[in-house]
Amino acid sequence: MLAHWPIGAFHTLLHMGSVKDLTVLEASKADDTGLGRFFFSDRYSVFDWGKMPDLIPNKGAALCMIAAYCFEQAEKTGIPTHYFGIKDDLKSKSKNTVDSTKPAHLMEVELVRVIRPTFELGKYDYSKFTSNLTNYLLPLELIYRNRLLPDSSLFNRLKHGDVTFQQLGLNHYPLPGETLNPALLDVSTKLESKDRYLSWEEAQSISGLTENELVEVKKILLKVDDLITEVAEKAGLTNEDGKIEIAFSPYRRLMIVDVFGTPDECRFKYEDVPVSKELARQFYRKTEWYEAVQQATKSAKEKGITNWKELCTLQPPLLPPALKEIISEMYMSTANAFLEKRLFNSPSLTEVVEKYRLCAKNGGFLT
């Protein structure tokens, strides 16, 4: 799939994210996609903070392999993506996971334009996004919810009147822990300083989608949910919720971009234990830093400030060593289970989950 790219003409520009880095090999244009390379790091992020203070060993390679596998399964079902393949190193050719005998950190992808809304007079201006625009990332985070976790932000939104259960497409007020069939589809902003939940009408308006395109976006989201649920179940996991990003090609064809189906984009459970970065979220929710984050985001909203982190009075603490080790093993074991290959020298998911239960019971996650 890469033969048409003139390798000798590439120029490199590095964009660092909180979890993975993007090297731009050929920049996207208004009428043509570019070519990029993701490097999956061992960094992690929670609550939109960005890079956290420590690393989770082998997380990056595990995420790369899981994401690549999910892209390949999506393409088999006819869902367009921007995925080209994974690479063992900078000089090797791209390949699929079926041909892999060891973990990879590198993935090559097609690039579209990221057009950011402007922030003026305390609000974001999305007037650039129209139904005539092509080759761009939708400024949306698209979310499916198969189960409503007790700590889901959805319950706060309902409690404070930000949304009604009817607006969410439900025929009753939901209960914590409730399983939904069909899945509840939700949407938030992607390119603002803090994710903001939207109605589907507002999502359509700010992203330049037509009514038919909005219907297609929802269809893709449901197909992805079904795909991830099937893959997760084979690994013994329950797919509770997840998110994807979608872009338009130069021909205004919808396709999945970034990555999806990983323990960073989804919340999986093995019986009653989270198998995702939810374990890190649960730890941080009990810290003073989390309370400072909540206060900072509230103050920023009241003052019309975009960079809420400037108002945060505390820095996040390190993860407890025992918890960090277990999270690392969970990522690796999930990759082994998804791909049905022993790419990582890690215990089975069953063993890792039992290790977590014992450690939690014995108070092993103290800072």
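Estimated from helical segments only, the mean residue ellipticity of the chain at 222 nm is -10000 deg cm²/dmol, where each DSSP H run of four or more residues counts as -39500 (n - 2.57).
The length gained on full extension between Glu271 and Thr210, counted as 0.36 nm times the residue separation minus their Cα-Cα distance, comes to 17.9 nm.
Counting only DSSP beta bridges with both residues in the chain, the antiparallel share comes to about 95 percent. Tell me whether the range 47-97 comes out rounded, prolate or oblate; compute the Cα gyration tensor, take square roots of the eigenvalues as a ≥ b ≥ c, and use a/c under 1.5 as the rounded threshold. It comes out oblate by the Cα gyration axes. Exposure proxy ranking for Ile256, Ile206, based on other Cβ atoms within 10 angstrom of each Cβ and starting from the fewest, stands as Ile206, Ile256. Residue order for Asp225, Asp88, fewest other beta carbons within 10 angstrom first, comes to Asp88, Asp225. Separation of the range 232-249 and the range 260-307 by C-alpha centroid, Å? Centre-to-centre distance over Cα atoms comes out at 18 Å. Relative protection proxy for 102-109, 230-237, from highest mean packing down: 102-109, 230-237 (other beta-carbon atoms within 10 angstrom).
Volume of the convex hull of the chain (Cα atoms only), normalised per residue: 144 Å³. In the range 66-140, the C-alpha radius of gyration followed by the widest Cα-Cα span (Dmax) gives 17.2, 54 angstrom. With a simple spin-label model that places each label point 7 Å from the Cα along the Cα-to-Cβ direction, the separation between Phe155 and Glu325 comes to 3.3 nm.
Exposure proxy shown here: for Met255, Met52, Met332, the number of other Cβ atoms within 10 Å sets the order, fewest to most, as Met255, Met52, Met332. The calculated FRET efficiency for Thr130 paired with Glu230, based on their beta-carbon distance and R0 = 35 Å, is about 0.45. Take every Cα pair under 8 Å whose residues are at least 6 apart in sequence, average their separation, divide by the length of the chain, and the relative contact order is 17 percent.
With Cα atoms defining each centre, the range 76-124 and the range 205-225 are spaced 21 Å apart in the structure. Starting from the Cα gyration tensor of the range 323-363, take the square roots of the eigenvalues, sort them a ≥ b ≥ c, and report rounded, prolate or oblate (rounded when a/c is under 1.5, otherwise prolate if a/b is larger than b/c, else oblate). Here the range 323-363 falls in the prolate category. For the range 220-329, the Kirkwood hydrodynamic radius comes to 16.7 Å, computed from all pairs of different C-alpha atoms. Under a model in which nothing but the beta-carbon of Lys, Arg (+1) and Asp, Glu (-1) is charged, the range 7-361 shows a dipole of about 480 debye around its Cα centre. Database remark: amide H of Thr81 closer than 5 angstrom to the amide H of Ile256 (H placed geometrically; neighbours at sequence offset of 5 or more, or on other chains; Pro and chain starts carry no H). On the basis of the beta-carbon distance and an R0 of 22 Å, Phe165 and Lys123 show a calculated FRET efficiency of 0.20.
Here, each number is a calculation from the coordinates, and none is a lab measurement. This is a predicted model, so every value here is computed, not measured. Counting neighbours? That spans all protein chains shown, and the Cβs are built from the backbone with ideal geometry, glycine included.
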